[in-house]
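Worksheet: the structure to be examined is printed underneath.
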Amino acid sequence: MEKIKISTEFIRLDQLLKFASIVESGGIAKMVIIDGLVKVNGEICTQRGKKIRHNDIVEFDNSKIIVSDEE
């Protein structure tokens, strides 16, 4: 599981996928989210603007990310 540090209260799901280099562009992030290929805390999420906060776990294509406020 990869740990991604953010210094803000939250990051939008589509932005996180780009920030973590899981997808190449915002357009691809939008498509994979709408297609139901992304899980947030174990549940499929189709809201690209979903606020991802510290300790949330995001899964896509055999990648697992935990969002943290520390390195």
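A few points about this structure:
- Chain lengthening between His54 and Asp35 when straightened (0.36 nm per residue, less Cα-Cα): 4.4 nm
- Calculated Cα extents along the principal axes in Å (choose from [x] 46, 31, 17; [y] 41, 27, 21; [z] 31, 22, 19), label: [z]
- Non-local lysine pairs in the chain, meaning eight or more places apart or on different chains, with alpha-carbon distances under 15 Å, amount to 15.
- Per-peptide average of other Cβ atoms within 10 Å, ordering 34-41, 17-24 highest first: 17-24, 34-41
- HN-Hα J in Hz across region 7-20 - Karplus 6.51, -1.76, 1.60, θ = phi - 60°, x for Gly and Pro: 9, 9, 5, 8, 9, 5, 4, 5, 5, 4, 4, 6, 4, 7
- Order of Ser7, Ser25 - criterion: other Cβ atoms within 10 Å of each residue's Cβ, fewest first: Ser7, Ser25
Only the coordinates and a few stated rules stand behind these numbers; no lab work does. Since we're looking at a predicted model, the values are computed, not measured. When we count neighbours, we look across all protein chains shown, and the Cβ atoms used for this are built from the backbone with ideal geometry, even at glycine.
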